[in-house]
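J.: Dropping the structure in here first, questions after.
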Amino acid sequence: MSKGVTPQSKDYAAWYTDVIIKAGLADYGPVKGTMVIKPYGYALWENIKGALDAMLKATGHVNAYFPLFIPKSFFASEAEHVKGFAKECAVVTHHRLRATADGKDLEVDPDSKLEEEVIVRPTSETVIWSMYKKWIQSYRDLPLLINQWANVVRWEMRTRLFLRTTEFLWQEGHTAHETADEAEQETLKILEIYRQLAEDYLAMPVLTGLKTESEKFAGADKTYSIEAMMGDKRALQAGTSHNLGQNFAKAFDVTFQDRNNQKKYVYATSWGVSTRLVGAVVMAHGDDKGLRIPPKIAPVQIVVIPIVRSEEDQVKIKEYVDIFLGDLIDQGVRIEVDWSNNSPGFKFNEWEMKGVPIRLEVGMRDMSDEEVILVRRDNGEKQAVQVKELRNIIPKMLAEIQSSLLQQAKDFQHANTNSVDNYGDFKKIISNNGGYIRCGWDGTPETEDAIKNETKATIRCIPFDSDPSGLTCIYSGKEAQHEVVFSKAY
RNA sequence: CGGGGUGUGGCGCAGUCCGGUUAGCGCACCUGCUUUGGGAGCAGGGGGUCGGAGGUUCAAAUCCUCUCACCCCGACCA
């Protein structure tokens, strides 16, 4: 394995893959488009998951688990939302293998053909709403606020680690409500939770807003999203929250008796974030040395590198390290000591690749001064610190790194967001610099489509803080219906 | 699905045009000693049916036929 990674400036896509492999986040699986999430990557996902799960529970949501397999008939019956997924569904047609004639291999047993084929879920609306029909009778059963953590399968043609794989992990929330207003409130509440997760934990500023008709989820009335800017200035949709209106209630005939004893269709929402967030963290913060993981979600917050010259040194340093280590662990700091036989330089590079926020070096020199050396991954700053100060300094430093990463990402986003009022500048910025462009849009899919074809940029969202007054459409020159954000996207 | 490419120890490759020693190199791995404040050194060692099948030949990683797999680029998506 060669040292280092492809520089971002040379080939951003290669950099991304290199970092993920070399930092030990993931590896390729044996089936095309699949990936193995390795322990370090899974620990990162677990930290993200833990933070979000707590927020969802704090807002009254409960977890449940629905089956992986969906009867094909569920898909036939209900057309609109399936359109988006039909082309990428894995289908189970048989349930048994048998030995081949020569006994050397296995083949599908034709006698095990299923009466009704089974779909591997690409998303769970259909199974869940088939159950909701049984569970919901009265307004007293509402709201129903269920979330599930699960894997889903979408047979994608072109895949990339974490960003788009055949199978991925996510959470999908599915709620049912009495009124349209309640459903809208829920949709927005979840979007706000996603925004907080992104900014407070992933240190990743996001754009929040409404998706256009052409970009929204097929089964939804409205789709909101959080959009994050990656290191190559392209946008990544990092989470979506859908107001499904009564679409699914009607498709699955889910009704309830309301407070006036009237039979009504329920209102629904669904929302999700996936392991794609891991890819987002990689691209939002990573540099040419590797990952930079925000402390709050870092599997390892501090790595201790002992500088050892002899076996006697090792014993002494181990004693020395144990003194302050226990103290920090008691404070909940996640620490790992690298006692491996690799050289210090090797360890420095390796743990920088893994994005650990703080490196703590201890050698005999430091020991005699009752110090250790701290090095921050976010900015490379190095300082000697008295051991007795560690318990105070470490939490502070972790918090500083967390906010410094957020600030760097914010500055980057601001520096690469432009407001533009003519199409010439628009095209120039998209092709030369990239990033976000705020401008007027006449609200027609034709304009959206034309711009996409000419520049590859798409409308990421209609931001909540947008204001079309006085603006004209960047493309048609007509009066703007919305101020929108365009960008090239993943 | 259209175009381009690659299959040789775990990874990255050379060798293929022009068939001919025992299939080689770097990294990784194992053992030992010396090392350790920015990717350590030396010595020794293990690991390959050259993607698969068939053919030509005294002889095939190398030539021919078929086949499989994967990667990259163009129309979709969290």
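None of the figures in this text is laboratory data; all of them are computed from the coordinates on show. Source: prediction; values computed, not measured. Don't worry about glycine lacking a Cβ; one is built from the backbone with ideal geometry, like all the others, and counts go over all protein chains shown.
J.: Using a Förster distance of 22 angstrom, determine the FRET efficiency expected from the C-beta separation of A:Glu381 and A:Lys410, and round it to 0.05.
T.: Between A:Glu381 and A:Lys410 the formula returns 0.65.
J.: Normalising by the residue count of region A:152-276, find the relative contact order in percent from Cα pairs under 8 Å and 6+ residues apart.
T.: 30 percent
J.: Along Cα→Cβ, 7 Å out, is where each label goes; now give me the distance between the ones at A:Trp135 and A:Thr100 in nm to one decimal.
T.: Result for the modelled spin labels: 4.6 nm.
J.: Using Cβ counts within 10 Å as a stand-in for footprinting exposure, how do A:Glu448, A:Glu350, A:Glu156, A:Glu107 rank, fewest first?
T.: Details: A:Glu448 22, A:Glu350 19, A:Glu156 16, A:Glu107 10.
Ascending number of Cβ neighbours within 10 Å: A:Glu107, A:Glu156, A:Glu350, A:Glu448.
J.: Also, I was wondering about something else. Just rank A:Ile429, A:Ile37, fewest to most, by other beta-carbon atoms within 10 angstrom. Spell out each step's value before the answer.
T.: Details: A:Ile429 19, A:Ile37 22.
The most exposed by this proxy come first: A:Ile429, A:Ile37.
J.: Sort A:392-399, A:329-336, A:258-265 by packing, meaning the average of other beta carbons within 10 Å per residue, with the highest value first.
T.: For the peptides A:392-399, A:329-336, A:258-265, the packing ranking is A:392-399, A:329-336, A:258-265.
J.: Also, I was wondering about something else. Would you please classify the overall shape of region A:34-179 from the alpha carbon gyration tensor, given that a ≥ b ≥ c denote the square roots of the eigenvalues, rounded means a/c under 1.5, and beyond that prolate means a/b larger than b/c while oblate covers the rest?
T.: Oblate.
J.: Does region A:132-203 come out rounded, prolate or oblate by the C-alpha gyration tensor, with a ≥ b ≥ c the root eigenvalues, rounded set by a/c under 1.5 and, if not, prolate when a/b is larger than b/c and oblate if not?
T.: oblate
J.: Another one. Can you give the angle from 0 to 90° between the axis of helix A:180-196 and the longest principal axis of chain A, with both taken from C-alpha atoms, to the nearest 10?
T.: That helix lies at roughly 20 degrees to the long axis.
J.: Can you tell me the 0 to 90 degree angle between the C-alpha axis of helix A:125-135 and the longest principal axis of chain A, rounded to 10?
T.: 70 degrees
J.: Of all GluC sites (Glu not before Pro) in region A:161-258, which ones are in loop regions per DSSP and have a Cβ with at most 14 other Cβ atoms within 10 Å?
T.: Answer in residue order: A:Glu213.
J.: With angles folded into 0 to 90 degrees, how steeply does helix A:39-58 sit against the dominant principal axis of chain A? Use alpha carbons for both and round to 10.
T.: 60 degrees
J.: Shape call for chain A from the C-alpha gyration tensor, a ≥ b ≥ c root eigenvalues: rounded (a/c under 1.5), prolate (a/b greater than b/c) or oblate?
T.: prolate
J.: Any lysines with Cα under 17 Å of the A:Lys113 Cα? List them, leaving off those in the same chain fewer than 8 positions away.
T.: A:Lys72
J.: Just list whichever of A:Lys10/A:Lys289; A:Lys427/A:Lys488; A:Lys233/A:Lys382; A:Lys316/A:Lys396 have alpha carbons separated by over 19 Å in the model shown.
T.: A:Lys233/A:Lys382; A:Lys316/A:Lys396
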